[in-house]
Amino acid sequence: QVQLVESGGGLVQPGGSLRLSCAASGSMFSIDVMGWYRQAPGKERELVAIMTSGGNKVYADSVKGRFTISRDNAKNTVSLQMNSLKPEDTAAYYCNADVRGHWWENRVKYWGQGTQVTVSS
């Protein structure tokens, strides 16, 4: 079993910055993709940013140029630096990891419990 523990989040004024971090622990062979999704009240969960173990990154159009994802493969951690935050960024942010328990197994998607980000004056 794999656990994802998130930290960061909170209340910030528009234009401010926050940093989210997530650490994966447990039995695993590899984490192929690791990243962040978010879900605002009444909306579906959406991709924010993801990163492969090889360094490829994908960002939602709404956060390009403002958010930066980074990853430490050796420590099984992923971070999201969020700058120039807007009220529409308000949501619960969830860490995600696509994990292989062994090299011959298919990937399994794991989720963190979520951390709230509120952008408001």
| request: Note down all Cβ pairs under 6 Å where the first residue falls in segment 85-107 and is among the polar types (S, T, N, Q), the second is open to solvent by 20 Å² or more (accessible area, probe 1.4 Å), and they're at least six residues apart or on different chains. | output: 90/118; 96/37; 96/111
| request: May I ask you to list the residues in segment 1-13 that are farther than 15 Å from residue 67 by Cβ and either more than 15 Å from the chain's Cα centre (by Cα) or surrounded by fewer than 16 Cβ atoms within 10 Å (Cβ to Cβ) (or both)? | output: 1, 2, 3, 5, 7, 10, 11, 13
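The values are calculated or read from the model by the stated rules, or taken from the named source; none is laboratory data. Computed from a prediction, not measured in an experiment: that's the story for all the values here. Counting neighbours? That spans all protein chains shown, and the Cβs are built from the backbone with ideal geometry, glycine included. For the accessible areas, the whole protein counts, side chains as well, though only heavy atoms, and no ligand, DNA or RNA atoms are used. Shrake-Rupley method; radii C 1.70, N 1.55, O 1.52, S 1.80 Å.
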